[in-house]
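One structure is given here, and the rest of the page talks about it.
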Amino acid sequence: MQKSDSLPNTLNQRQRDTIRLLLEQFQVEIISAVYWRNEAPWYLDLRKVHDSFFLFPVKGELHFYSEGQCHSVKPGQFVMLADGVEHAIELKDGHSKLEQIAIHAYIQNIWQMPFLSLCPNVIGTLPNKASWFLEMKEFIHVLNLDKVSGQQWGEGLIRRLLISQITQFDLSIAQEVKNIDPRIEAAVLKIHNHYKDGIMIEQLAEDCRLSTVQFRKLFLRYTGLSPKIYLEQYRLKKAAFALKNTASSIKRIAADVAGLNNVQYFHAVFKKAYGMTPSQYRNTPTEGP
């Protein structure tokens, strides 16, 4: 005779809800993953990045400075920082060499809310550092050879990493995600799925069965941005990703990704958002994590 075992429930309701939120509402998109070898003295000046940032010391210890606090980070621990948070890093005194893995990713829901912005924890713990380090090295190797396979592997890796923090170290979110108006959700999803097309704000409003004025007000209430600015920022984010990860010409990216046939205008809006022209952004080498 045999029967299935339902297994004990080891997760509390809050853990289950956080996992469901992560898996159902948030998308993961890997921007870069690099294994760095550094020698003392090494430091990274105060900066902000426009994505979620993970840093794993493999050999050597770090001082990580963020929001008025200094964290000591050693192998087996890692940094997980939400988009746009100012930070600085330095190799800890007494260490002559440093090996570290840096991963940049977008982990956002349809409102462009970074998942890590909901998490009070800045420092995480690897449950089995040797196996995680091995997998991350293999993932980086594959990502360098094949962007598609590497992207899929990286998405799964980041999700499993965050789930391990929820299940084993009780990572929790600091607030509830706002209720979503289904009309605005549908409009945002249409922008995400058709941002390369000639989307008109008036058509989005009509699809929602709202006047253009009502639609703009409701969209602003839920996203914090006007529909026009939201669409422009989403296209620029996709254009920035294409500049770093494809060989397409700037003219092609401007037209196909940003929806702009005027290359000069694309240069102007991109520079305003990123502080440099598209060509400067593409040619700027990655000098550190």
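Read-outs: derived from the displayed coordinates by stated rules, not from any lab. All values reported here derive from a predicted model rather than from experimental measurement. No Cβ is skipped: glycine too gets one built from the backbone with ideal geometry, and neighbour counts run over all protein chains shown.
If R0 is 35 Å, the Cβ-Cβ spacing of GLN203 and SER248 corresponds to a FRET efficiency of close to 0.80. Listed by chain and number, the aspartates and glutamates placed with their C-alpha closer than 14 angstrom to that of LYS92 are GLU39, GLU61; residues fewer than eight positions away on the same chain are left out. You can think of it this way: the chain between ARG37 and ARG282 has 85.9 nm of extra reach, that is 0.36 nm per residue less the Cα-Cα gap.
If each residue of separation counts as 0.36 nm, what is the full-extension length gain between ALA268 and PHE169 once their alpha-carbon separation is subtracted? Spell out each step's value before the answer.
Values: separation 99, 0.36 × 99 = 35.64 nm, distance 4.54 nm.
The ALA268-PHE169 span can extend by a further 31.1 nm.
Nearest 0.05, what FRET efficiency do GLU67 and LYS137 give at R0 = 35 Å with Cβ-Cβ as r? E(calc), rounded to 0.05, equals 0.70.
Projecting the Cα atoms of LEU11, PRO75, PHE266 onto the charge dipole of the chain, computed from C-beta unit charges around the Cα centre, puts PHE266 farthest toward the positive end. Rounded to 0.05, the FRET efficiency of the SER226 and ILE123 pair, given R0 = 45 Å and the Cβ-Cβ distance, is 0.75. Full extension of the chain between ASP181 and GLN233 yields a length gain of 16.6 nm, computed as 0.36 nm times the residue separation minus the alpha carbon distance.
Projecting the Cα atoms of PHE139, GLY288, TRP111 onto the dipole axis of the chain, where Lys and Arg carry +1 and Asp and Glu carry -1 at the beta carbon, places TRP111 farthest toward the positive end.
Within region 36-127, the GluC sites (Glu not before Pro) that combine a DSSP coil assignment with at most 15 other C-beta atoms in a 10 angstrom radius are GLU67, GLU86. Each Lys and Arg adds +1 at its Cβ and each Asp and Glu adds -1 at its Cβ; summed about the Cα centre, region 145-216 shows a dipole of about 80 debye.
Taking the Cα centre of the chain as the origin, how large is its charge dipole in debye, to the nearest 20, when only Lys and Arg (+1) and Asp and Glu (-1) carry charge on their Cβ atoms?
Numbers: 34 positive and 29 negative charges, 112 e Å.
It works out to roughly 540 debye.
Excluding residues on the same chain fewer than 8 positions from LYS244, give the lysines whose Cα lies under 20 Å from its Cα. Straight-distance partners of LYS244: LYS48, LYS147, LYS196, LYS271, LYS272.
Mind checking Rg over Rh on region 13-169, alpha carbons, Kirkwood formula for Rh?
0.95
Kindly identify the chain as rounded, prolate or oblate by the Cα gyration tensor criterion: order the square roots of the eigenvalues as a ≥ b ≥ c, call it rounded if a/c is under 1.5, otherwise compare a/b with b/c, prolate if a/b is larger, else oblate. Verdict is oblate for the chain. Per the Debye formula on identical point scatterers at the alpha carbon atoms of region 182-283, with no solvent, log10 I(q)/I(0) at q = 0.12 Å⁻¹ is -0.42.
Name the helices (complete DSSP H segments) of the chain with a Cα length along the long axis of 20 Å or more and a Kyte-Doolittle mean of at least -0.5, or state none. Let's see the in-between values first.
Working: long enough: 129-145 (24 Å, 0.36); 147-169 (31 Å, -0.13); 227-245 (27 Å, -0.56).
Counting only whole DSSP H runs, the qualifying helices are 129-145, 147-169.
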